[in-house]
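Asker: Before I ask anything, let me first share the structure, which is written out below as structure tokens.
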Amino acid sequence: MARILITGSADGLGLMAGQLLAGQGHEIVLHARSEFRAAAARKALRTAAKVLIGDVSTIAAMREVADQANAFGRFDAVIHNVGLGYRERERVATEDGLSQLFAVNTLAPYLLTALIDRPDRLVYLSSGMHRSGDPRLDDLQWGMRPWDGSQAYADTKLHDAMIAFAVARRWPDICSNAVEPGWVPTRMGGANAPDDLEEGAITQAWLAAGEDPETQVTGEYFYHQKPAHVNPASRREDLQDRLMDYCAELTGVEIG
């Protein structure tokens with residue numbers, strides 16, 4: 001039995017992955033941004049060992065969630081599922097002065113990775129939209145460009161793949177991979193999304209706890225349990241390091 005934390009798991013793919021893993025006998029810890037959402041998560045997965053609470057749009061809350069996770073105990077795997085969608089109509093600034101989309105989708109996975117006791121496996125939720133992400137990394141907060149929610153989302157999903165591959169390179173003793181769940185009809189994806197919802201949760205659960213040889217890899221990008229094409233920019237170590245350095249500057253915490 002593995003102990004697995006899934007961020008952003010009050011509903012959608014995160015909750016589905018938790019339900020799937022719990023059904024396999026694993027110990028699951030969920031995460032919600034508020035007590036209200038946590039109550040719904042507890043009801044949806046009554047066997048969950050705990051629900052961590054914190055709105056990870058702020059650096060302080062990211063730290064609080066990491067503290068809660070570490071107080072619970074070391075995890076065998078962490079699935080970084082938390083995220084905002086691509087239909088944000090305007091740039092929303094957090095109390096830290098950051099783009100909320102960047103804070104939740106990019107910075108939270110980075111800082112939680114840095115602060116939570118190192119597990120054996122890390123899984124980062126990316127998206128097929130990462131292939132159109134902007135690799136220049138020169139306006140990560142959208143302070144100069146006119147806001148484009150779809151492009152901003154694509155950028156953050158490219159960042160998630162970069163973080164997964166950078167962590168795989170820096171921590172070679174663990175398995176760190178990225179997942180494309182498909183365009184599925186969740187609250188984020190929308191009711192008209194064409195991909196299979198059930199398939200969307202399988203790969204991250206498989207990578208978090210599977211015993212197949214295919215899961216014993218690192219620095220890979222998967223779609224429906226198969227390696228998939230990734231934006232070549234995500235493989236560039238210089239870009240990975242620039243992104244990691246930027247996140248370290250914002251948070252004061254490095255992933256060495």
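The values are calculated or read from the model by the stated rules, or taken from the named source; none is laboratory data. Keep in mind that what you see is a predicted model, and the values were worked out from it rather than measured. Because the Cβ atoms are built from the backbone with ideal geometry, glycine has one as well, and the counts that use them run over all protein chains shown.
Asker: How about region 126-169: which of its residues are of a type in the set (A, V, I, L, M, F, W, C), in contact with a helix residue (DSSP H, G or I) (Cβ under 7 Å, 6 or more places away or on another chain) and outside any helix (DSSP H, G or I)?
Answerer: To start, the set of residues in region 126-169 that are of a type in the set (A, V, I, L, M, F, W, C) comprises 129, 137, 140, 142, 144, 147, 152, 154, 158, 161-168.
If we keep only those that are in contact with a helix residue (DSSP H, G or I) (Cβ under 7 Å, 6 or more places away or on another chain) as well, we get 129, 137, 140, 142, 152, 154, 158, 161-163, 165-167.
L137, L140, W142, listed by residue number.
Asker: Which of the residues that make up region 106-135 are more than 10 Å from I163 (Cβ to Cβ), of a type outside the set (A, V, I, L, M), buried (at least 24 other Cβ atoms within 10 Å of the Cβ) and touching a strand residue (DSSP E or B) at 6+ places or on another chain (Cβ under 7 Å)?
Answerer: Answer for region 106-135, where residues must be more than 10 Å from I163 (Cβ to Cβ), of a type outside the set (A, V, I, L, M), buried (at least 24 other Cβ atoms within 10 Å of the Cβ) and touching a strand residue (DSSP E or B) at 6+ places or on another chain (Cβ under 7 Å): just S127.
Asker: Could you look through region 200-256, keep only residues that are of a type in the set (F, W, Y) and in a helix (DSSP H, G or I), and pick out the one that is surrounded by the most Cβ atoms within 10 Å (Cβ to Cβ)?
Answerer: Start the filter on region 200-256 by keeping residues that are of a type in the set (F, W, Y), which leaves 206, 221-223, 246.
From what is left, the residues that are in a helix (DSSP H, G or I) are 206, 246.
Numbers: W206: 21, Y246: 17.
In this case the residue turns out to be W206.
Asker: Select, from I28, I53, I4, the only residue that is among the β-branched types (V, I, T) and without any contact (Cβ under 8 Å) to a residue 24 or more places away in the chain.
Answerer: None of the other options fit; the residue is I53.
Asker: Out of the residues in region 176-188 meeting the condition of being buried (at least 19 other Cβ atoms within 10 Å of the Cβ) and touching a Pro at 6+ places or on another chain (Cβ under 9 Å), tell me which one is modelled with the lowest pLDDT.
Answerer: Taking the candidates together, the pick is V184.
Asker: Still on this structure: Which residue is surrounded by the fewest Cβ atoms within 10 Å (Cβ to Cβ), if the candidates are limited to region 50-86 and must be small (G, A, S) and in a helix (DSSP H, G or I)?
Answerer: Of region 50-86, the ones small (G, A, S) are 54, 57, 60-61, 66, 69, 71, 73, 77, 83, 85.
Narrowing further to those that are in a helix (DSSP H, G or I): 60-61, 66, 69, 71.
Working: A60: 12, A61: 18, A66: 22, A69: 24, A71: 9.
Checked region 50-86; the qualifying residue surrounded by the fewest Cβ atoms within 10 Å (Cβ to Cβ) is A71.
Asker: Is at least one residue of region 161-173 surrounded by 24 or more Cβ atoms within 10 Å (Cβ to Cβ), in contact with a His (Cβ under 7 Å, 6 or more places away or on another chain) and within 19 Å of Y223 (Cα to Cα)?
Answerer: yes
Asker: Out of region 13-22, which residues are closer than 13 Å to A49 by Cα and over 15 Å from the mean Cα position of the chain (by Cα)?
Answerer: First, pick out the residues of region 13-22 that are closer than 13 Å to A49 by Cα: 18-19, 21-22.
Those that are closer than 13 Å to A49 by Cα and over 15 Å from the mean Cα position of the chain (by Cα): Q19, L21, A22.
Asker: While we're on this one: Looking at region 198-256 only, could you name the residues that are under 24 Å from M16 (Cβ atoms) and of a type in the set (A, V, I, L, M, F, W, C)?
Answerer: Listed by number, the residues that qualify are A201, I202, A205, W206, L207, A208, A209, V217, F222, A228, V230.
Asker: What are the residue pairs meeting all of these: first residue in region 87-98, first residue part of a loop (DSSP other than H, G, I, E, B) and among the basic types (K, R), second residue surrounded by 17 or more Cβ atoms within 10 Å (Cβ to Cβ) and at pLDDT 95 or above, Cβ atoms under 7 Å, and 6 or more apart or on different chains?
Answerer: Between residues of region 87-98 that are part of a loop (DSSP other than H, G, I, E, B) and among the basic types (K, R) and residues that are surrounded by 17 or more Cβ atoms within 10 Å (Cβ to Cβ) and at pLDDT 95 or above, the close pairs are R87/G149; R89/G149; R91/S99; R91/W142.
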